[in-house]
Amino acid sequence: MTLDPGDASARPSLTPPEFPSALAQPRHAAPAVIPAATTSPAAMPVAPRRGRTAPIWIGGVLVLVLVALVGYFLNALGPAASLIGMVLALIPLAGVLLAVRIVDRWEPEPLNLVIFAVAWGGIAAVGIALGVDLVLSFVFGSASTPESEAVSAIIQAPIVEEFGKGLGVYIIFLAARRAFDGPVDGIVYGALIGAGFAFTENIQYFAVSFLEGGAADTTVTFFMRGILSPFAHVMFTSVTGFALGLAARRGATAGRAIGPWVLGMIGATTLHALWNASAVLGDFWALYVTLQVPLFVGFILGVIALRREESRLTRRRLGEYAEAGWFTPQEADMLATGAGRKAGLAWAGTLRGDRTVLMKGFIADATALAAARQRAITGRDPHAAEDERVLLQRTTAARAALFAP
């Protein structure tokens, strides 16, 4: 049949009458019934940050002091030497932070406090030391004789520097009590502050060596400070942190913690003075081998012993949850040992979809749960019950996700 182009009525429609539009889909059968949702999935609870962060206003003060320090370094050392010193100082800092991370791996401290601790050591503590040095130089004149230089190195520097660094540990103790559970936490915070201080101090030493003796002197200084003694300041301030950590474990208030804090700083100052005296008065190499190396080995062994005690405490607290049915005894054993955690992570990696991340979260929350219960038992944290509730929900959800088909 031939259609007349002008006859619109004879033209076939592009839209079938049973469809509302050309893109509509035909309905061939009744749709399946969608069951009504019972409840909306609950959001994963998050532990409150209260008592786990440093005051914001201190961050503002650190920024102001940092600007002053940068200006001081650029004016005194010049941009080129300062940059060379900073690049070289980053090398021992990276090694120290890696070592501290290994110590802190059992129950990692909040990232904001880690950053604050390093910043306090590298900015505020250095600013305090430089400020006191400038004031004393203005009042008494610069140390120009061997005797005055020895007094400055053995007496002034240890007292002022350990006070500046120790003040940062005490601030963390006051502002972040819920993240300051015991000696290991105190050692970690003290070590981080010491690492930050050594970083800024090394910039100055490396830059001065470069300006005065070029590459040869800089290499010697880097070997002495970056290779032989990168943990010196770390070890000194860790003594202060250890003392405050013991006070925290025993539930000491801010006022009662002053005594342990002062005793810790006295210990840190003594070690610092011995170290400086070995470089100024005695045979450095003989004292380094007979005194400093044994002290460092003892420090390492002490940290290992504290880590084992922390593991036993975690097992004890999680065992109480296991008795109440929240975990199996085997899970409590797994969560409380390094070998058990490693085996758990390996097992999680074999599950469908690789559930290693879930297992890491489960381990972290369970460890924090044990710490929260310890705080509740000692009665030093009125918010420990809230932490316990949140962490129980998180560990239960993670455990269910791990065993889901």
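Laboratory data are not the source of any read-out in this text; all were calculated from the coordinates shown. Everything quoted here is computed from the prediction, not taken from an experiment. Using ideal geometry, Cβ is built from the backbone for each residue, glycine included, and neighbour counts are taken over all protein chains shown.
Table for the structure above
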item	result
Matching residues in the range 49-62 - criterion: being assigned to a helix (DSSP H, G or I) and surrounded by fewer than 12 Cβ atoms within 10 Å (Cβ to Cβ)	ILE56, TRP57, GLY60
Search result, residues across the range 296-319 that are more than 12 Å from GLN374 (Cα to Cα), of a type in the set (A, V, I, L, M) and without any contact (Cβ under 8 Å) to a residue 60 or more places away in the chain	VAL297, ILE300, LEU301, ILE304, ALA305
Unmet criterion (only one of (1) assigned to a loop (DSSP other than H, G, I, E, B); (2) within 24 Å of the chain's Cα centre (by Cα); (3) under 30 Å from GLU149 (Cα atoms)) for THR253	(3)
Those residues of the range 251-295 which are among the hydroxyl-bearing types (Ser, Thr, Tyr), farther than 16 Å from THR240 by Cβ and buried (at least 16 other Cβ atoms within 10 Å of the Cβ), in sequence order	SER278, TYR288
Qualifying position, being closer than 27 Å to VAL188 by Cβ and either part of a helix (DSSP H, G or I) or free of Cβ contacts under 8 Å to residues at least 24 places away in the same chain (or both), among ALA401, ALA348, ALA397, ALA322	ALA348
Verdict on ALA336 being hydrophobic (A, V, I, L, M, F, W, C) and over 25 Å from the mean Cα position of the chain (by Cα)	no
